[in-house]
1. Exactly one condition in (1) touching a residue at least 24 places away in the same chain (Cβ under 8 Å); (2) surrounded by fewer than 16 Cβ atoms within 10 Å (Cβ to Cβ); (3) not in a strand (DSSP E or B) is false for residue 267; which is it?
2. Mind telling me which of the residues 42, 131 ends up being at pLDDT 95 or above, under 20 Å from residue 271 (Cα atoms) and out of contact with any strand residue (DSSP E or B) (no Cβ under 7 Å at 6 or more places or on another chain)?
3. Of a type in the set (A, V, I, L, M) and either over 26 Å from residue 295 (Cα atoms) or under 23 Å from the mean Cα position of the chain (by Cα) (or both): which single residue out of 200, 231 fits that description?
4. All but one of (1) out of contact with any strand residue (DSSP E or B) (no Cβ under 6 Å at 6 or more places or on another chain); (2) open to solvent by 30 Å² or more (accessible area, probe 1.4 Å) hold for residue 187; which doesn't?
5. Looking at the stretch 245-264, which of its residues are among the hydroxyl-bearing types (Ser, Thr, Tyr) and in a loop (DSSP other than H, G, I, E, B)?
6. Condition check: closer than 10 Å to residue 6 by Cβ, touching a Gly at 6+ places or on another chain (Cβ under 7 Å) and either crowded, with 18+ Cβ neighbours inside 10 Å or not small (Gly, Ala, Ser) (or both). Does residue 66 satisfy that?
7. What number goes with the only condition from (1) in contact (Cβ under 8 Å) with a residue 60 or more places away in the chain; (2) touching a strand residue (DSSP E or B) at 6+ places or on another chain (Cβ under 9 Å); (3) open to solvent by 20 Å² or more (accessible area, probe 1.4 Å) that residue 20 does not pass?
Amino acid sequence: MNIGILGTGFGAYHAELFSTINDVNTIYVFGRNPEKLKNLESRLGIHPVTDINEIMENDKIDLVDICLPSNLHCTYALQALKHNKHVLCETPVATNIADAIAMQTAQQKSRKLLMVDLFMRFEHAYQVLASIVKSGEYGKLQKLQIQRNPPPIWGNLGPNNIVTALMTHDIDFVSYLMGRPEKMQVEKVLGKVGQYSVSLLCSYGNAFAEINASSMMPMGYPFSVSYEAILDNAVVRYYEDRYKGQNDRIDTKLTLYTENASKDIIPHNDCYYEMIRYAVKMVQSAEKPINDISDAVISMDMALRIQDLII
């Protein structure tokens with residue numbers, strides 16, 4: 001299989017991951033920075049490309065991986081599908097719902113795959129919870145609480161972009177696990193310039209999910225993510241705190257609690273690698289992937305509705 005990657009920002013990391021997969025032969029990377037391309041060529045053996053049409057018109061390329069700015073995703077996804085190629089697209093999939101729907105429509109007409117990097121579906125701690133919920137072994141999911149609280153290292157995460165830049169993956173995971181909510185309500189607090197806290201409550205009849213995100217943490221605070229899931233007969237609790245500047249220390253724990261016992265589970269995978277490996281597998285099998293564009297449209301629609309509620 002041959003891969004065409006558009007972009008040398010996050011695309012460089014994608015190239016590194018694709019280079020570790022046995023079924024991948026040649027990796028073509030489009031970029032506008034000769035030094036970045038030269039570095040990737042010497043380090044990974046990729047084929048550098050400075051004209052994007054060289055990738056689109058190359059019949060040997062099976063999958064186009066779009067790692068360009070979000071406002072360009074739709075244009076090049078449509079172009080790749082038109083050239084009979086499968087597509088993998090970074091998030092957010094688009095900057096507006098019209099573009100996302102246009103991508104979905106084009107994918108359906110092309111009968112090619114259009115996958116999106118919905119990476120939390122590939123992160124082990126969240127895969128464990130999804131497996132437990134879908135198996136029904138411990139009854140129904142009654143309450144899910146998710147938190148994502150970074151220190152101010154990502155620039156402006158104020159009311160205009162905290163949902164799309166910070167909460168979108170948690171929104172997607174709730175959608176993946178529980179579907180579209182019957183009702184959504186939001187509480188929010190405005191902090192300093194570029195800082196905001198949001199709590200989203202999604203109602204599902206007799207169950208609910210709460211998504212909390214805050215960019216109001218001090219610089220010394222870790223990048224912190226967590227969830228607690230309450231089922232009929234068990235609780236699953238997870239947290240991860242990443243500390244920069246302290247030997248990049250990570251504190252993490254995933255535990256399943258039942259009536260008479262608790263069991264620690266060690267989160268172990270690189271979700272980005274798993275997503276890349278899965279994309280290759282799906283191209284080979286032509287099955288409908290769990291990160292299909294249709295799922296991204298649903299979660300994007302939810303995110304934009306939530307954004308409207310907080311502005």
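The values are calculated or read from the model by the stated rules, or taken from the named source; none is laboratory data. Only a predicted model underlies this, so the values are computations on that prediction, with no experimental measurement involved. A quick note on method: Cβ atoms are made from the backbone with ideal geometry, for glycine too, and the neighbour counts reach across all protein chains shown. For the accessible areas, the whole protein counts, side chains as well, though only heavy atoms, and no ligand, DNA or RNA atoms are used. Shrake-Rupley method; radii C 1.70, N 1.55, O 1.52, S 1.80 Å.
1. (2)
2. Exactly one residue qualifies, and that residue is 131.
3. Being of a type in the set (A, V, I, L, M) and either over 26 Å from residue 295 (Cα atoms) or under 23 Å from the mean Cα position of the chain (by Cα) (or both) holds for just one of 200, 231, which is 200.
4. Here residue 187 clears every test but (1).
5. 258, the sole residue that qualifies.
6. Judged against the criteria, residue 66 is not a match.
7. Unmet condition: (2).
Residues checked against (1) in contact with a helix residue (DSSP H, G or I) (Cβ under 6 Å, 6 or more places away or on another chain); (2) under 15 Å from residue 305 (Cβ atoms); (3) touching a residue at least 40 places away in the same chain (Cβ under 8 Å); (4) among the hydrophobic types (A, V, I, L, M, F, W, C):
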site	(1), (2), (3), (4)
156	no, no, no, no
178	no, no, no, yes
183	no, yes, no, no
189	no, no, no, yes
225	no, no, yes, yes
